[in-house]
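Step one of this worksheet: look at the structure below.
The values are calculated or read from the model by the stated rules, or taken from the named source; none is laboratory data. What you see is a predicted model, and the numbers here were worked out from it, not measured in a lab. Neighbour counts are summed over all protein chains in view; Cβ atoms, including those assigned to glycine, are modelled from backbone coordinates with ideal geometry. Note: areas computed on protein heavy atoms with side chains; ligands, DNA, RNA excluded. Shrake-Rupley method; radii C 1.70, N 1.55, O 1.52, S 1.80 Å.
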Amino acid sequence: MAAADDLKFQEFDDAANLLAANPDATTISIDEPVEIPKKQHSRRQEAGREEDDELLGTDDSDKTELLAGQKKSAPFWTFEYYQTFFDVDTYQVLDRIKGSVFPVPGKNFVRLYIRSNPDLYGPFWICATLVFTIAVSGNLSNFFIHLGKPTYHYVPEFRKVSIAATTIYAYAWLVPLALWGFLMWRNSKVMNIVSYSFLEIVCVYGYSLFIYIPTAILWIIPQRVVRWVLMVFSLCLSGSVLVMTFWPAVRDDNRRIAVATVAAILLLHALLAVGCLV
C-alpha cells in the first residue's frame, strides 16, 4: 500500500521557479486556447480550396472570366472601355493564332484561349491582312494566267480591295452578331445552353480566318485545281474550329435546331471561302 505522505496533496512550484531551473521548458496555459500557426492555417485553407475546386470542376478559366468581366467596368462611351479590347500582347495573339491553325480535338477554343481576355486586336488585323492579301493575290493570279498573251494588257483591279473588305468585315461582324442573338434567344428557351459573349464570338470568327492568309498567298498559283484544294483544306481547318466551339453551345438544344445551327455556320463559312477564291 502507498504511504500516507504519498496520498497527501502536494503543491507544485510556480512557473517562475520552474522556468528559472529550466529556461528551455515549454509552458501551456490552460486558460488560453492553443493557437495554430498562421502559416499552417493558411496552408490548410489553401489545400481545402484546391480540393473544393477539384470537386466542383472549377479551373483557372472561370476565375479569369470573372476578372475579365470586372476589368471592363468603364462606360462604353469612354476611350478606356474600348482600350481594354486591344490590351493583349504578342504572345497571346500568337498563341490564339496557333490554336486556330492547329485545333485540338475536344478542346473549346473560347475556354482555352479567349475567355481569359477577349480582344479585337487580333481579329481586326487578321481581317485587314486578309483583305489586302486577297486583293494582291487576285491581281497577281490574273496576271500569271494571261501572261504571254499578246492581246493582254495588265490593269490593276482596285475594286477587289473594296469588295474583299466589305465581304470579310461584314462576315466577321454581322454573322457573329446574328449568332450571338440566336444563342441568347435559345438560352432563354433552354436554360442549360452554354452562352458566349458577343466579343468572344467575334474573336472566334476573327482568328478562324487566319488560315486563309497563307492560303490566299498560294492562290497566285495558276493551276485552278491547286487553288481549289487549298481552299477546301483551309475551309475544313477553320470550320473545325467553329464546330468544336459552337457545337457545345447548342448540343443540349433540340437535335434538329442544333444540327441546323452548325450547318448554317459551316454553309456561311464555305460561301465566304468560295467568294474569296472566285
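Checking Y113 against (1) in a loop (DSSP other than H, G, I, E, B); (2) touching a Lys or Arg at 6+ places or on another chain (Cβ under 7 Å): exactly one of these is not met. Which one?
(1)
Would you mind finding the one in I163, I134, I168 that is farther than 21 Å from V243 by Cα and in contact with a Cys (Cβ under 8 Å, 6 or more places away or on another chain)?
Numbers: I163 fails: in contact with a Cys (Cβ under 8 Å, 6 or more places away or on another chain); I168 fails: farther than 21 Å from V243 by Cα.
I134 is the lone residue from the list that is farther than 21 Å from V243 by Cα and in contact with a Cys (Cβ under 8 Å, 6 or more places away or on another chain).
Determine if the range 175-190 includes at least one residue that is in a loop (DSSP other than H, G, I, E, B) and touching an Asp or Glu at 6+ places or on another chain (Cβ under 8 Å). Explain how you work it out, then say what you get.
First, pick out the residues of the range 175-190 that are in a loop (DSSP other than H, G, I, E, B): 190.
Now restrict to residues that are touching an Asp or Glu at 6+ places or on another chain (Cβ under 8 Å): 190.
Within the range 175-190, one or more residues are in a loop (DSSP other than H, G, I, E, B) and touching an Asp or Glu at 6+ places or on another chain (Cβ under 8 Å).
Confirm whether S240 is open to solvent by 30 Å² or more (accessible area, probe 1.4 Å), assigned to a helix (DSSP H, G or I), farther than 17 Å from V110 by Cα and among the polar types (S, T, N, Q).
Values: open to solvent by 30 Å² or more (accessible area, probe 1.4 Å): yes; assigned to a helix (DSSP H, G or I): yes; farther than 17 Å from V110 by Cα: no; among the polar types (S, T, N, Q): yes.
Taking the combined requirement at face value, the residue does not satisfy it.
Might you check whether a residue that is open to solvent by less than 70 Å² (accessible area, probe 1.4 Å) and β-branched (V, I, T) occurs anywhere in the range 115-130?
Going through the range 115-130, the residues open to solvent by less than 70 Å² (accessible area, probe 1.4 Å) turn out to be 115-120, 122-123, 126-130.
Keeping just the survivors that are β-branched (V, I, T) gives 126, 129.
Yes: the range 115-130 contains one or more residues that are open to solvent by less than 70 Å² (accessible area, probe 1.4 Å) and β-branched (V, I, T).
Restricting to the range 87-110, and then to whatever is open to solvent by 70 Å² or more (accessible area, probe 1.4 Å) and in a loop (DSSP other than H, G, I, E, B), can you tell me which residue is farthest from L235 (Cα to Cα)?
Looking at the filtered set, the residue picked out is D87.
Checking the condition of a type outside the set (D, E) and open to solvent by 30 Å² or more (accessible area, probe 1.4 Å), which residue from A260, A249 passes? Spell out the reasoning first.
Details: A249 fails: open to solvent by 30 Å² or more (accessible area, probe 1.4 Å).
None of the others qualify; the one that does is A260.
Among (1) open to solvent by less than 10 Å² (accessible area, probe 1.4 Å); (2) within 15 Å of T133 (Cα to Cα), there is one condition I213 misses while meeting the rest; what is its number?
With respect to (1) open to solvent by less than 10 Å² (accessible area, probe 1.4 Å); (2) within 15 Å of T133 (Cα to Cα), I213 is out only on (1).
For the range 107-141: of the residues being aromatic (F, W, Y) and under 30 Å from Q223 (Cα atoms), which is nearest to the chain's Cα centre (by Cα)?
Applying the first criterion (aromatic (F, W, Y)) to the range 107-141 yields 109, 113, 121, 124-125, 132.
Next, only the ones that are under 30 Å from Q223 (Cα atoms) stay: 125, 132.
On the way: W125: 17, F132: 27 Å.
Of everything passing the filter in the range 107-141, W125 is nearest to the chain's Cα centre (by Cα).
Any residue that is closer than 28 Å to R227 by Cβ, part of a helix (DSSP H, G or I) and β-branched (V, I, T) - is there at least one of those in the range 137-147? Working first, answer last.
Taking the range 137-147 first, the residues closer than 28 Å to R227 by Cβ are 137-147.
Filter once more, keeping what is part of a helix (DSSP H, G or I): 137-145.
From the residues that got through so far, the ones that are β-branched (V, I, T) too are 145.
Looking for residues that are closer than 28 Å to R227 by Cβ, part of a helix (DSSP H, G or I) and β-branched (V, I, T), one finds at least one in the range 137-147, hence yes.
Considering only residues that are without any contact (Cβ under 8 Å) to a residue 40 or more places away in the chain and of a type in the set (D, E, K, R), look in the range 234-255 and name the one that is farthest from G181 (Cα to Cα).
R255
Those residues that are modelled with pLDDT of 85 or more and in a loop (DSSP other than H, G, I, E, B), I need them from the range 191-201; list them, please. Let's see the steps before the verdict.
Looking only at the range 191-201, we keep the residues that are modelled with pLDDT of 85 or more, and these are 196-201.
Y196, S197 - these are the residues of the range 191-201 that are modelled with pLDDT of 85 or more and in a loop (DSSP other than H, G, I, E, B).
In the set T84, T27, which member is over 22 Å from L237 (Cα atoms), modelled with pLDDT of 50 or more, open to solvent by less than 100 Å² (accessible area, probe 1.4 Å) and assigned to a helix (DSSP H, G or I)? Lay out the reasoning, then the answer.
Values: T27 fails: assigned to a helix (DSSP H, G or I).
That would be T84, the only listed residue that is over 22 Å from L237 (Cα atoms), modelled with pLDDT of 50 or more, open to solvent by less than 100 Å² (accessible area, probe 1.4 Å) and assigned to a helix (DSSP H, G or I).
Among the residues of the range 159-174, write down those that are in contact with a Gly (Cβ under 8 Å, 6 or more places away or on another chain) and surrounded by fewer than 17 Cβ atoms within 10 Å (Cβ to Cβ).
T167
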